[in-house]
Amino acid sequence: MKKSASRITAPRLWLVMTRSHHALRLLAEQSITNAGMCLTDFAALETLLHKGPLTISQIQDKVLLASGSMTAAIDRLEKRELVVRKSTSSDRRARIVELTQEGKRVAAEYFEKHARDLEALMSVLSTKEKQQIYGSLKKLGLLAAQELNKRGGRQ
């Protein structure tokens, strides 16, 4: 039986998405490590840069990393004086992580370089193609998240 070249099956689409994600992820990680930072540290800095002061668990939820990995990243960033931990008046047990002035400078510098690398990589796509891919992946991701919730899975 001959496959129709025009029909893109779900398994075929999954394979293309997976391979594309793998290659893009490796290039994005290379962009970060070429700037002299590990992925976990960069993710924490970037989150704090764009979201403001957060608890470690809030940062962890944004970047989808394990608790131990995130705590180790914050420890490294604190040692480099890029972040500080502060107590909150509302909950004495909670500690807020905040960028220092140097942390803001470094985070902005690293993020700008990383963004330029990603823009160069994605320049192969037209604005319309980027909008289509964005909309389609967002739609698919939201449906998958709803399905996970229904099944009691983790997001």
Of the residues 41, 91, 75, which single one is modelled with pLDDT of 90 or more and more than 24 Å from residue 112 (Cβ to Cβ)? 75
Name the pairs whose Cβ atoms lie under 9 Å apart, with the first residue in region 64-87 and in contact (Cβ under 8 Å) with a residue 12 or more places away in the chain, the second among the hydroxyl-bearing types (Ser, Thr, Tyr) and assigned to a helix (DSSP H, G or I), and 6 or more positions between them or separate chains? 65/40; 69/40; 70/40; 70/57; 72/40; 73/40; 76/40
Of all residues in region 107-136, which are free of Cβ contacts under 8 Å to residues at least 24 places away in the same chain, in a helix (DSSP H, G or I) and in contact with a helix residue (DSSP H, G or I) (Cβ under 8 Å, 6 or more places away or on another chain)? 122, 130
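The values are calculated or read from the model by the stated rules, or taken from the named source; none is laboratory data. Given the structure is predicted, the values throughout are model-derived calculations rather than measurements. Every residue, glycine as well, gets a Cβ built from its backbone with ideal geometry; the counts of neighbours run over all protein chains shown.
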